[in-house]
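The values are calculated or read from the model by the stated rules, or taken from the named source; none is laboratory data. Everything quoted here is computed from the prediction, not taken from an experiment. Here the Cβ positions follow ideal geometry from the backbone for every residue, glycine too, while neighbour counts run over all protein chains shown. SASA here: full protein model, heavy atoms, side chains in, ligands and nucleic acids out. Shrake-Rupley method; radii C 1.70, N 1.55, O 1.52, S 1.80 Å.
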Amino acid sequence: MVASAICGRGMRRIMARPTLIMPVLLMPLIFVLSFTGAFGSLTRVEGYGTDNVFNWMAVYAAMQGAVFAGVGGASTTAEDIENGFFDRLLLTPGSRVPILVGTMAYSALRSTIPTTGVLLVSALGGLGLPGGLLALVTVYVATAGMAAAFCLLGLAVVYRFRTMRSMILIQVCGFSLMFLSTGQVPIHFMNGWLHTVARVNPVTNVLRFARQGFLGDLTWSMTWPGLVALGAMVAVAGVLAVHQLRRLAA
Amino acid sequence: MTCLPTQPAAASRGPKSESTTVNAGAATGLRLAGVQTLALTRRSVVSEWRQLGNVIPGIVFPLLLAAVYTHQFTRVILLPGFPVVDSFLDFVLPASLVQSVSFGATEAGTELARDIENGFFDRLRASPCMRLPLLLGRLGGAVVVATAKGVLIIAIFLLFGTKIAGGLAAAVVLVAAAVLLVIAIGGLGQVLAILTGSQEAVNATFPLVFTSIFMSSAFFPTNLMSGWFREVAEANPVTWIIDPVRRLILEGWSWSDVGQALAVPLVISVVTVAMAVIALNRKLSSS
């Protein structure tokens, strides 16, 4: 009940102030256009995996958008803390966890906006769906999961530092994790330390899971590592966020 | 608290002929503007120094991007049409530098907007401070920070094996072009700051700067792009700056490249700073 009210409040806020959607939507669209435009020649390199660069980059841009959506969700809490509304929430009786779950649900829901935008723009660029409609389902699951994980991570930081400025830490963390993955090229294109880092980066598995339907058929061997990585990221970030929330409320 | 010199030294001297007095007055005015600009530049640099946390992402992020691209584009540099390079690191140096300085480029506008928001700008206006130093002081701070960033980025690239074919002189041109670009972007930020008086509005220009770097030859040569994106990239002034600078790094010294690398950002700087001066004059005369 509390969780759905907080989630609904966030969505109503977006409806009331459409300008809030712009940064969430605009940056992923810029990414998809920039990456496909600048790096279109990558498909000419043997072993890239697709001859249409949109099939590779669309998922990456959508995931970037999901990270923004997650951080944006946590930012609303930062704003609530700064303007005193969060203190009033803490005064209400009952468990604090629904406050956190509601914000996470709002972020996951909010991530559908950039994902849909990126997919529509990519469709204009010739995005193919060899994996069928299930390919779309995997992208939405992956982006919602990423938004939830980064929202929880953002909340852990916000509950700790209680300022909007602290969100920059999560932005940098999100950007770095995305860049240190197979976002732009397959893993066998990488060498040295980057190859090692990308291999252990959980985002690589999430990208494999979300991208498989755009490169070919969906397989279980590509699916389960992505789901495990998403689950682990949400679980770890969730534990951190709950710990910091209890500390804040104490 | 910044203490600005305001008393023209010539005014206190004895009587002179009219033309000598006019020349001396102009020279004194110029000297005074210079001293005031330096004082405000110092204030701006001190402010940046106290908020190093804001400067660091502008250094770390471009370096991270360069490191990642170097390790993931090893096969890409073998594509037909790609400039001959030993490593992608050589290719990406100008992009990293431009990206790094761009991170703080809007700061001149943001800081001016903050001064307007918190009332400090009104106190400066009430003081006998000349108008131009109000703008140049903030730009001066951005220039100092950009120069430091430029030297640091080039030093780190050299440490990781980048070779600059044009030598030290080309490195100086690279930093100078980046600094001029900062003045151009900073000038634009100041126009917005004066017109809106809002930090948020100035910050909104950052995605524009970010996009204009990605939609240029910064990270990939335009001859390997296609369609509308290639046309946009070729028409993008960032490409006109990066391409000649890159040739200085990869191919060696060329006066025509030096001219292009410096003239393009210089012209844009003159335009944006002139716009800022006009906006300031209009604001002051209307209030």
**Asked** When only the heavy atoms of the protein chains count and the probe is 1.4 Å, how do A:F189, B:F160 rank by accessible area, highest first?
**Response** B:F160, A:F189
**Prompt:** Can you give the angle from 0 to 90° between the axis of helix A:167-179 and the longest principal axis of chain A, with both taken from C-alpha atoms, to the nearest 10?
**Reply:** 20 degrees
**Request:** With springs only between Cα atoms under 10 Å apart, run a GNM on chain A and tell me which of A:P225, A:P18, A:P93 wobbles the most.
**Result:** A:P93
**Complete:** Along the dipole axis of the stretch A:2-249 (charges at Cβ: +1 for Lys and Arg, -1 for Asp and Glu; origin at the Cα centre), the most positive-end residue among A:T103, A:G238, A:V2 is A:V2
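Give the calculated FRET efficiency between B:S256 and B:V84 to the nearest 0.05, with a Förster radius of 22 Å applied to their Cβ-Cβ distance. Before the final figure, lay out the partial values.
On the way: r = 20 Å, r/R0 = 0.91.
With a Förster radius of 22 Å, E is 0.65.
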**Prompt:** Among A:I81, A:A38, A:N191, which residue has its Cα positioned farthest towards the positive end of the charge dipole of chain A, with +1 placed on the Cβ of Lys and Arg, -1 on the Cβ of Asp and Glu, and the dipole taken about the Cα centre?
**Reply:** A:I81
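Pick out the long, greasy-scoring helices in chain B: whole DSSP H runs spanning 24 Å or more along their own axis by Cα, mean Kyte-Doolittle at least 0.0. If you can, show how the numbers build up before the last one.
Working: long enough: B:18-50 (48 Å, 0.03); B:52-72 (30 Å, 1.29); B:88-105 (25 Å, 1.37); B:131-159 (43 Å, 1.86); B:167-196 (44 Å, 2.46); B:255-286 (46 Å, 1.21).
Span-like helices in chain B: B:18-50, B:52-72, B:88-105, B:131-159, B:167-196, B:255-286.
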**Prompt:** With +1 on each Lys and Arg Cβ and -1 on each Asp and Glu Cβ, how big is the dipole of the protein assembly as shown about its Cα centre, in debye rounded to the nearest 20?
**Reply:** 1300 debye
**Asked** Dipole magnitude of the stretch B:14-286 about its Cα centre, charges +1 at Lys/Arg Cβ and -1 at Asp/Glu Cβ only, in debye to the nearest 20?
**Response** 660 debye
**Item:** Separation of the B:T147 and B:L159 label points, Cα + 7 Å toward Cβ, nm
**Value:** 2.2 nm
**Complete:** Taking a label point 7 Å from the Cα of B:R125 along Cα-to-Cβ, the residues of the stretch B:258-287 whose backbone nitrogen sits under 13 Å from it are B:279-287
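If you take the alpha carbon radius of gyration of the stretch B:50-150 and divide it by 2.2 N^0.38 Å, what ratio comes out, to two decimals? Could the numbers behind the result be given before it?
Values: Rg = 19.2 Å, N = 101, 2.2 N^0.38 = 12.7 Å.
Dividing the Cα Rg of the stretch B:50-150 by 2.2 N^0.38 Å gives 1.51.
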**Complete:** Once A:M233, A:M15, A:M57, B:M275 are ranked on solvent-accessible area with the largest value leading and a 1.4 Å probe, the list reads A:M15, B:M275, A:M233, A:M57
**Message:** I want to check the label-to-label distance for A:A5 and A:R247. Put each point 7 Å from Cα in the C-beta direction and report it in nm to one decimal.
**Reply:** 2.8 nm
**Prompt:** If you build a Gaussian network model of chain B, linking Cα atoms that sit under 10 Å apart, which residue out of B:V101, B:V264, B:V179 swings the most?
**Reply:** B:V264
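Give the interface area between chains A and B as buried accessible surface, both sides summed, probe 1.4 Å, in Å² to the nearest 100. Kindly include the intermediate steps, with their values, before the conclusion.
Values: alone 11580 and 14190 Å², together 23230 Å².
Summing both chains' loss of accessible area gives about 2500 Å².
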**Message:** Quick check on the protein assembly as shown: helices-only [θ] at 222 nm, where DSSP H runs of length 4 and up contribute -39,500 (n - 2.57) each and the sum goes over total residues. Nearest 500, please.
**Reply:** -26000 deg cm²/dmol
**Asked** For labels at A:L169 and A:V137 in the simple 7 Å Cα→Cβ model, what's the distance in nm?
**Response** 3.8 nm
**Message:** Compute a Gaussian network model of chain B, connecting alpha carbons closer than 10 Å, and tell me which residue from B:V182, B:V60, B:V92 fluctuates the most.
**Reply:** B:V60
**Message:** Using a probe radius of 1.4 Å on heavy atoms only, what accessible surface per residue do you get for the protein assembly as shown? Whole Å² is fine.
**Reply:** 43 Å²
**Fill in**
The computed P(r) of the protein assembly as shown puts the percent of Cα pairs beyond 39 Å at 34 percent
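If I compute solvent accessible area with a 1.4 Å probe over the protein chains, what percent of it on the protein assembly as shown is carbon and sulfur? Each step should come with its number before you reach the end.
Details: 15750 of 23230 Å².
Using a 1.4 Å probe with all protein chains present, the protein assembly as shown comes out at 68 percent carbon and sulfur.
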